[in-house]
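The values are calculated or read from the model by the stated rules, or taken from the named source; none is laboratory data. Source: prediction; values computed, not measured. When we count neighbours, we look across all protein chains shown, and the Cβ atoms used for this are built from the backbone with ideal geometry, even at glycine. The area values use the complete protein model at the heavy-atom level, side chains included, leaving out ligands, DNA and RNA. Shrake-Rupley method; radii C 1.70, N 1.55, O 1.52, S 1.80 Å.
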Amino acid sequence: QGQLEESGGGSVQAGGSLRLSCGAFGRTVSSYAMGWFRQAPGKQREFVAAISWSGANTRYADSVKGRFTISRDNAKNTVYLQMNNLKPEDTAVYYCAADGSMIVVRTTPSLWGQGTLVTVSS
């Protein structure tokens, strides 16, 4: 049926940067709007960023605007999340998601990855 797989998580000090990648296996990423979500310990999963299938439209949670950038390379079947100026409150498991709708991908996407852990220390 195909799946999404995240990579690039790790540990970084506050103010540092990380780039997450999301590859699709068995599916063509260019067919989908793509998104990133995160879930911190003890908290609900929350929307982080989304990008339309063409890359022309992007949306961000207020908490990451100006620090995170979502992008995609459909030729490589990959979506990225560049995270700069990381803060301890960004610590979470980050999930890649996909859906046919740019609206739905921000709320209840139909496809999910397994997640990658990002830890930001102060």
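Contact list please: Cβ distance under 9 Å, first residue in region 92-103 and over 12 Å from Leu20 (Cβ atoms), second residue in a loop (DSSP other than H, G, I, E, B) and open to solvent by less than 40 Å² (accessible area, probe 1.4 Å), pairs at least six apart or on different chains.
What qualifies is Ala97/Pro109; Ala97/Gly113; Ala98/Pro109; Ala98/Gly113; Asp99/Pro109; Ser101/Pro109; Met102/Ser52.
Which residue is modelled with the lowest pLDDT, if the candidates are limited to region 11-32 and must be closer than 22 Å to Tyr60 by Cβ and in a loop (DSSP other than H, G, I, E, B)?
Restricting to residues being closer than 22 Å to Tyr60 by Cβ and in a loop (DSSP other than H, G, I, E, B), the top hit is Tyr32.
Conditions: (1) touching a residue at least 60 places away in the same chain (Cβ under 8 Å); (2) in contact with a Gly (Cβ under 7 Å, 6 or more places away or on another chain). Phe37 meets all but one. Number of the miss?
Failed condition: (2).
Within region 33-71, which residues are within 18 Å of Ala98 (Cβ to Cβ), part of a loop (DSSP other than H, G, I, E, B), open to solvent by 60 Å² or more (accessible area, probe 1.4 Å) and of a type outside the set (Ser, Thr, Tyr)?
Residues satisfying the conditions are Arg45, Trp53, Ala56, Asn57.
Quick check on region 72-93: of everything there that is closer than 15 Å to Val29 by Cα and among the charged types (D, E, K, R), which residue is most open to solvent (accessible area, probe 1.4 Å)?
Lys76
Give the residues of region 6-32 that are within 19 Å of Arg67 (Cβ to Cβ), open to solvent by less than 50 Å² (accessible area, probe 1.4 Å) and polar (S, T, N, Q), sorted by residue number.
Result: Ser21, single match.
Failed condition for Gly8, given (1) at pLDDT 95 or above; (2) at negative phi; (3) not charged (D, E, K, R), with all others met?
All conditions are met except number (2).
Where residues in region 94-107 are surrounded by fewer than 18 Cβ atoms within 10 Å (Cβ to Cβ) and out of contact with any helix residue (DSSP H, G or I) (no Cβ under 9 Å at 6 or more places or on another chain), which of them is farthest from Gln3 (Cα to Cα)? So that I can check it myself, show each step before the final result.
Within region 94-107, the first condition is being surrounded by fewer than 18 Cβ atoms within 10 Å (Cβ to Cβ), and the residues that meet it are 100-101, 103-104, 107.
Checking which are out of contact with any helix residue (DSSP H, G or I) (no Cβ under 9 Å at 6 or more places or on another chain) leaves us with 101, 103-104, 107.
Values: Ser101: 17, Ile103: 21, Val104: 18, Thr107: 19 Å.
If we take residues in region 94-107 being surrounded by fewer than 18 Cβ atoms within 10 Å (Cβ to Cβ) and out of contact with any helix residue (DSSP H, G or I) (no Cβ under 9 Å at 6 or more places or on another chain), then Ile103 is farthest from Gln3 (Cα to Cα).
Checking Leu4 against (1) in a strand (DSSP E or B); (2) under 20 Å from Ser121 (Cα atoms), which single condition isn't satisfied?
Of the numbered conditions (1) in a strand (DSSP E or B); (2) under 20 Å from Ser121 (Cα atoms), the odd one out for Leu4 is (2).
Looking at (1) without any contact (Cβ under 8 Å) to a residue 40 or more places away in the chain; (2) within 14 Å of the chain's Cα centre (by Cα); (3) open to solvent by 50 Å² or more (accessible area, probe 1.4 Å), find the lone condition where Ser110 falls short.
(2)
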